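First comes the structure, then the notes that go with it.
Only the coordinates and a few stated rules stand behind these numbers; no lab work does. Since the model is a prediction, treat every value here as computed from it, not as a measurement. Virtual Cβ from ideal backbone geometry, glycine too; neighbours counted across all protein chains shown.
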Amino acid sequence: MKGDNMKKLTLIITVVFLCIALIMPAHAVMKKLAQTGMKFLDMDVVPRAMGMGGSYMMVGDDATALFYNPAGIAYTGNSVDVFASQTQWVANISYMAGGVLKNMGNLGTFGVSIVYADYGNDIQGTRITSTEKGYEDTEMLDVGAYAVGVAYGRQLTNKFSIGGQVHYAAQKLGNSVVSSGEAAKENKVSGLTFDFGTIFYPGFKSLRVGMSIRNYSANFEYEEEEFQAPLTFAIGAAMDVLDLMGEHENALLLSVDAIHPRDYTEQLNIGAEFLLMDMFAIRAGYKYNYDEEGLTLGAGLNYTLSGLSVRIDYAYTPIVSFDTVNRFSIGIGL
């Protein structure tokens with residue numbers, strides 16, 4: 001029996017790494033840059049995920065799964081699960097995110113998510129003129145973006161789940177005033193984007209593998225020029241390696257995601273989480289082939305309070321050319 005399990009594990013690992021090798025970049029390939037818009041849809045807003053280098057597609061099984069792989073919501077053990085986070089990004093930009101799940105038993109799990117991008121201080125609008133300065137101030141630009149999603153996930157068997165999510169996404173980049181006396185024109189765009197994912201447990205301990213597609217949509221358009229949403233295709237795997245030693249009091253979760261983004265060459269996220277007594281978590285990860293990100297660190301605390309399962313998480317992400325990014329979140333399950 002042990003020999004069969006080892007053969008099965010070897011085959012699964014081989015297939016996963018072959019898939020990763022197929023989508024990882026060749027050095028001669030030109031980087032795909034600046035080919036998408038509405039990049040806030042691609043922001044990592046889950047501290048637990050970022051503490052693990054963003055390798056979270058096969059990890060999330062609560063409301064945080066709404067932001068990585070909607071198939072994960074099918075595995076929530078709570079009747080209701082709530083999540084909220086805040087990300088202090090660079091240049092005084094911040095992101096707020098939240099999600100709610102309702103487990104309907106055999107009917108599956110339904111979820112709602114929201115992401116809001118706050119671009120910080122007001123931005124002074126200007127336009128070119130024939131004055132001595134060559135420009136003049138117009139109105140203050142009111143900019144912002146948000147996305148609201150509705151999701152559904154279900155276990156089709158005890159080893160396989162699927163999930164999907166549809167978002168209404170909108171972005172406003174202020175008003176344009178071309179000449180004096182002309183009415184200001186609002187620069188706003190909105191539309192629908194779609195996520196889809198799967199998770200499969202092949203039967204070896206806690207190992208799971210799967211895939212996800214995020215931000216699939218029709219093109220968006222400002223004025224006459226169209227642009228695409230930040231479509232991402234990813235495959236991943238995760239496992240609690242302490243299962244191999246029969247350890248159940250603590251856990252050491254390892255995960256890897258191979259990512260094929262529309263606007264960059266292929267990327268790899270690798271992460272680990274050590275969970276002590278199902279209460280204290282320490283995390284580390286690495287993001288390969290990113291311009292500004294690499295090592296990530298994080299920590300978490302899980303505890304039960306008056307029948308509520310409470311999760312508090314933090315992630316620390318050094319950015320090469322900017323300040324460190326801090327992420328905080330709280331989750332509640334009942």
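General observations
- Principal axis extents of the C-alpha atoms in the stretch 2-333 (largest first, rounded to whole Å): 81, 55, 37.
- Choice from S212, S306, S79 with maximal GNM fluctuation in the chain (Cα, 10 Å cutoff): S306
- Gyration tensor (alpha-carbon) shape descriptor, the stretch 146-246, a/c threshold 1.5: prolate
- Taking the Cα centre of the chain as reference, the dipole from Cβ charges on Lys and Arg (+1) and Asp and Glu (-1) amounts to some 1280 debye.
- With Cα atoms, 0 to 90° folded angle of helix 2-23 axis to the chain main axis: 20
- In the stretch 71-136, Rg over Rh equals 1.39, where Rg is the alpha-carbon radius of gyration and Rh the Kirkwood radius from pairwise Cα distances.
- The count of lysine pairs in the stretch 2-333 whose Cα atoms are under 12 Å apart, excluding pairs fewer than 8 places apart on the same chain, comes to 5.
- Under the Karplus curve 6.51 cos²θ - 1.76 cosθ + 1.60, θ = phi - 60°, whole-Hz ³J(HN,Hα) for the stretch 228-236, x wherever Gly or Pro sits: 9, 6, x, 4, 9, 10, 9, 10, x
- When both the stretch 34-79 and the stretch 238-280 are represented by their alpha-carbon centers, they are found 14 Å apart.
- Using just its DSSP H runs of length 4 or more, each adding -39500 (n - 2.57), the chain gives a mean residue ellipticity at 222 nm of -2500 deg cm²/dmol after division by all residues.
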